[in-house]
Structures are given as C-alpha cells and as structure tokens.
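Novice: Here it is, the structure, as structure tokens.
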Amino acid sequence: MTVTIVGAQLGDEGKGGMVDRWSERADVVCRYQGGDNAGHTVVHGDTPATDGGTTSVGETDTASQVGTEYKLSLVPSGAIRGKVGVLGNGCVVNPEVLFSEIEGLRERGLDPDVRVAERAHVIFPYHRVFDGSEEDEKGELAAGTTGKGIGPAYEDKAGRRGVRVGDLLDPEILRERLEYIVPRKRAVCEAVYDIDPGEAFDIEELFAEYRAYGERLAEENMTVNGGEFLDERLARGEQVLFEGAQGTGIDIDHGIYPYVTSSNPSAGGAAVGTGLGPTVIGGAESEIVGVVKAYLSRVGTGPLPTELGFVEGQTPDGGGDPEAADIATEIRDKGGEYGTVTGRPRRIGWLDMPMLRHAARVNGFTGLAVNHIDTLAGLDAVKVGHSYTVDTDDSSANERLTMPTTTERWGECEATLRTFDGWSETDWNEVADEGYDALPENARTYLEYVSNELSTPIYAVGVGPDREQTVVREDPFA
Ligand code: IMP
C-alpha cells in the first residue's frame, strides 16, 4: 500500500515529524516534487529519535533529545532509517547537493540507499542565477524564493529545454542539450538582466562537472525508471510512503499564486511525480494524510486574513491585527516560529478553515495529523477563521467557506472568527502515552471541530517537538 503525506497549509506544518514516525513501517520513502528548497531535520540515535519538523531552508527547529542530528534538504528522510529513498520524476535534482548529503551521511556511518528517477530534471548553476535575478526585479510579486533555482528548472522542464537525470548518463546527449541551452541562457542573462554570465554559463565547465555526476550516478547504480521501480516494490507487497514537501497553499496550481513554489505538493503530484496511477495513490488500500499546524505561520509578504500581530517588512500595510501582537508573540516564541539562521520571525495567524477546506478538496485527505496542539496551551481562548466575508454586489452571498481563486481577492477577505475555550498546559508525554482521550477536553473540542468541518478523521495529534510526543489514533500503514 501507499501513504502520501501532504502539507495542508503554507509549508512548515511539521510534516517531517509524521514522515519520520510513519516511515518506520515503510520500505520505501519517495519524494515526488520540489528539490533542495525543502529543509528537514531528523535526530536519530540510541534514544528515541526526535524530529525537528519540516522547515524552510536555512531554518531548523531545535531538537531537544540526545541523538545525532541530520539536516537534509533533498535526500528523503527515510534513508536515515535504512529505508530506500527515491527522488521521483517530479523532483528537480541538484546533484551537488545530493552527493554532499549522501557523503555527509556516510561520514556519519550510515549507508543510505538513494535512487533517482531518470525522468527527474536537473538543476544547473544558471538556474540559481536566474532565480536570484528575477526575484530582484519582481518587486511586490517576488515570492521570496529559497534561491535554489527551483522555479527556473521547472520553467525549462515546461519549456522542453531541460536536462533530465537520464541525460547525464550519456555524454553525447548531455553535450547536445547543453550546446542548445547554454548560449540561449547566456544571451538572456546579458540582454535582460545585464549581468556577467561567468562560469555558470560555460558549456565546457558545465559538461565536465555534470558528466562526472552522471558517471557517479551510474557507478553507484542510483538511477531508476521511477515508476517501474516503485511498481515492482509494491508488487512485492512492500509499503511506500510518499513524502510531500512544502504545502498545498503554495502549490503552483492550487496555491496563492504567484507566491507559490513551482511544483505540485498536493496529492495529485504524487501520481504525476512518481509514475504510478491516481488509482494507486488514491486507491482503496491507500491513505492521503494532510498535516495541519493548529495555527498558521507564514514567511514572506502577501495577504494572510487570520494574521495576528504585525511583522515589519512582511505584513502588508493595513494587514494583521496589531492589538493581538501579544498572542502572536506568545505563539511564535512557544512554537519556535523563527528562522534559526536569519532569526526572522514568521507571521502568525489563527487556523484558516477556508484554506483547509480548499486543501481537503484538492487532496482528498483520508486522515489528518494536527501538530502544535501544545503550543496553543495556556491561551484563554483559541480562535479560528471559520469563513471569510468579502464585499459582493449581492450582500446575501458574501460569506465564503473556501478560498477565492485569486490571491488579490483573498487579500480582500475578512476572516469571521469562531472562539473556543482554551486548554491548559499538561504533561504532554503522559498524554502521548495514554492516547487521544487524555488530551484536554477543550483541545478535543477544537480538534473535533476541524475534523467535522473537513469530514476527515484525525489520525494523529502532535503535542511536542519530540518524535514520541505524538498521540497516534490510527497508523495509516496498519
Ligand atoms: P522556491 O520553492 O524556492 O521557488 O520558493 C517559492 C516559495 O515557496 C517561497 O515563498 C518560499 O518561501 C516557499 N517555500 C519553498 N520551500 C518551502 C518550504 O519547505 N517551506 C515553506 N515555504 C517554502
């Protein structure tokens, strides 16, 4: 069977913890989209492993237990636990990052088994140059990208001028592709961005470096026909976990365009991005688990209807709720909602139900994992954005239960809040041991509201940063 783990919000929902926990029962862990724009910290050791959650690049959550900490952005995290890690055809692969992560794991005594789909596209240094230059010019439309060349690599894929992993294996094909692409990239660089192209646009340099990656991929027997490889493993009765990166809210098709990533984190991406059919990913035996953070966080600019407080340089003028700055700070501090490299505070908001209803429809969730219930403990009241009000010509039709199609319209939405009684701090380890019924009653009321609104059962509840601090109601692989 397959289990697909998808972020239901804007990324940073703590998918890593769930992937790490559930990958124990998987034989293969496969990523189906994105590249080294994801960030994932796993602590693994003699003591129970601790997950730091999925974080934006350059940010890591703090692991609080003894153990060895691994920071990965590309290699599927299951590789640390001795599972086969696959990068599916929907991924964009920076081979330098791939090998440096594999080397790092080997230096620490692990022997990761990583396979890469020959249909996956390759990130080149010129993609990173364009990522930076275009962001600089976009002004208010800049998505605040990670600068890893993700968008430009997907652009080349759609423009039918990309280089695929399989092309690295054949020197003639690689040279032919580069001889077509590189002069055009160089011309755009000079004419449009007026910058010195440098080594990133040198055919010979690129050929030598990327051909060496191709040789290494072949020597280490890492490349596969992704769909066939996964199909064979499933036919043997093995369990496959699909690890979504980022979140539905920043999906290129279903997210808050243009403040999105360039791939499909939503569950449909798991079919297209692996070479298995939708009936496999979404079949009767399979599960699609949406990971939800019990509140909302966001890095970067643009609208956020349930925003609390105001973050200078990120919250748009007139946005947020400066009167709720104290609550925002409390949640931010307790939830560790800061980039640890930049120290930049993330914007904080109440749970946005229209966003979650949209995500539930787009993904067809069979179960939910709700994280950070402990972070909200101690508040007198916990609110959710139940619906939006928008100005329409017909005042009777101005309540919306789901997201509008344009981000500009989303910015005009005002959240209609519902208030729940808060819950107190408690011994979360004990709760995790005892199970769902040990959660504070008001927290259960909150969770049941979410579950009912999305018509989806709750499979797990995160009550702390440690891997063991999860209340598991249902194991999707069981
Ligand atoms: P890109 O994926 O680097 O092109 O960045 C596009 C947008 O997606 C930016 O707003 C990034 O901040 C966001 N993004 C990319 N990866 C992540 C992630 O792992 N978590 C949260 N946001 C992300």
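Novice: Starting from the Cα gyration tensor of region 121-240, multiply each eigenvalue by 5, take the square root, and state the resulting semi-axes largest first in whole Å.
Specialist: So the three semi-axes of region 121-240 are 31, 20, 11 Å.
Novice: On a 22 Å Cα-Cα criterion, which of the cross-link pairs Lys148/Lys334; Lys15/Lys138; Lys71/Lys138; Lys157/Lys185 come out too long?
Specialist: Those over the limit are Lys148/Lys334; Lys15/Lys138; Lys71/Lys138.
Novice: Restricting to bridges with both residues inside the chain, how much of the DSSP beta-bridge set is antiparallel, in percent to the nearest 5?
Specialist: Percent antiparallel among DSSP bridges in the chain is about 45.
Novice: What fraction of the DSSP beta bridges in region 292-472 is antiparallel, stated in percent and rounded to the nearest 5?
Specialist: 75 percent
Novice: Under the rule a/c < 1.5 gives rounded, and otherwise a/b versus b/c splits prolate from oblate, where does region 185-237 land using the Cα gyration tensor?
Specialist: The shape class here is oblate.
Novice: Listing Glu287, Glu474 from the residue with the fewest other Cβ atoms within 10 Å to the one with the most, what is the order?
Specialist: Ascending number of Cβ neighbours within 10 Å: Glu474, Glu287.
Novice: Averaged over all directions, how much area does the convex hull of the C-alpha atoms of the chain cover when projected, in nm²?
Specialist: For the chain, the mean projected area of the Cα convex hull comes to 22.8 nm².
Novice: Measuring from label point to label point, each 7 Å out along Cα→Cβ, what is the Glu323 to Thr405 span in nm?
Specialist: 3.6 nm
Novice: Run a plain Debye calculation on region 188-298 (Cα atoms as equal point scatterers, no solvent) and give log10 I(q)/I(0) at q = 0.21 Å⁻¹, rounded to two decimals, same order as the q list.
Specialist: Taking Cα atoms of region 188-298 as identical point scatterers yields -1.10.
Novice: If you fit an axis through the alpha-carbon atoms of helix 95-107 and take the longest principal axis of the Cα set of the chain, what angle between them do you get, 0 to 90°, nearest 10?
Specialist: 70 degrees
Novice: Highest mean first, how do 111-122, 79-90 rank when packing is the count of other Cβ atoms within 10 Å averaged over residues?
Specialist: Result, highest mean first: 79-90, 111-122.
Novice: Which whole-number percent gives the relative contact order of region 292-472, counting Cα pairs below 8 Å spaced six or more residues apart?
Specialist: Result for region 292-472 is 23 percent.
Novice: Treating region 292-472 as a set of equal point scatterers at the Cα positions, no solvent, please give the Debye-formula log₁₀ I(q)/I(0) at q = 0.08, 0.09, 0.16, 0.17 Å⁻¹.
Specialist: -0.26, -0.32, -1.03, -1.15
Novice: Rounding to the nearest 10 and keeping the result within 0 to 90°, find how far the Cα-based axis of helix 226-235 lies from the longest principal axis of the chain.
Specialist: 60 degrees
Novice: I'd like the distance between the alpha-carbon centres of region 109-187 and region 392-457, rounded to an integer number of Å.
Specialist: 39 Å
Novice: Peptides 244-255, 29-40: what's the order by average Cβ count within 10 Å, highest mean first?
Specialist: 29-40, 244-255
Novice: In whole angstrom, note down how far apart the Cα centers of region 269-290 and region 362-384 are.
Specialist: Comparing the Cα centres of region 269-290 and region 362-384, I get a distance of 25 Å.
Novice: So what J values fall out for region 369-383 if you push phi through Karplus, 6.51 cos²θ - 1.76 cosθ + 1.60 with θ = phi - 60°, rounded to Hz, Gly and Pro as x?
Specialist: 10, 10, 9, 6, 5, 5, 5, 7, 4, x, 7, 5, 9, 10, 10
Novice: Can you tell me the order of 153-166, 357-370 when each peptide is scored by its average per-residue count of other Cβ atoms within 10 angstrom, highest first?
Specialist: Taking the mean over residues of other Cβ atoms within 10 Å, the ranking is 357-370, 153-166.
Novice: Give me the percent relative contact order of the chain, please, defined on Cα pairs under 8 angstrom at least 6 residues apart.
Specialist: 19 percent
Novice: With each run of n ≥ 4 DSSP H residues scored as -39500 (n - 2.57), what mean residue ellipticity at 222 nm is computed for the chain after dividing by its residue count and rounding to the nearest 500 deg cm²/dmol?
Specialist: Rounded to the nearest 500, the figure is -9500 deg cm²/dmol.
Novice: Cα axis of helix 203-219 to longest principal axis of the chain: angle in degrees, 0 to 90, nearest 10?
Specialist: So the helix axis and the longest Cα principal axis differ by about 80 degrees.
Novice: Also, quick follow-up: Could you put Phe124, Phe130 in order, starting from the residue whose Cβ has the fewest other Cβ atoms within 10 Å?
Specialist: With the fewest neighbours first, Phe124, Phe130 line up as Phe130, Phe124.
Quick note: the coordinates plus some simple rules give every number you see, no bench work behind them. Since this is a predicted model, take the numbers as computed values, not measurements. Note that we place each Cβ from the backbone using ideal geometry, even for glycine, and neighbour counts take in every protein chain shown.
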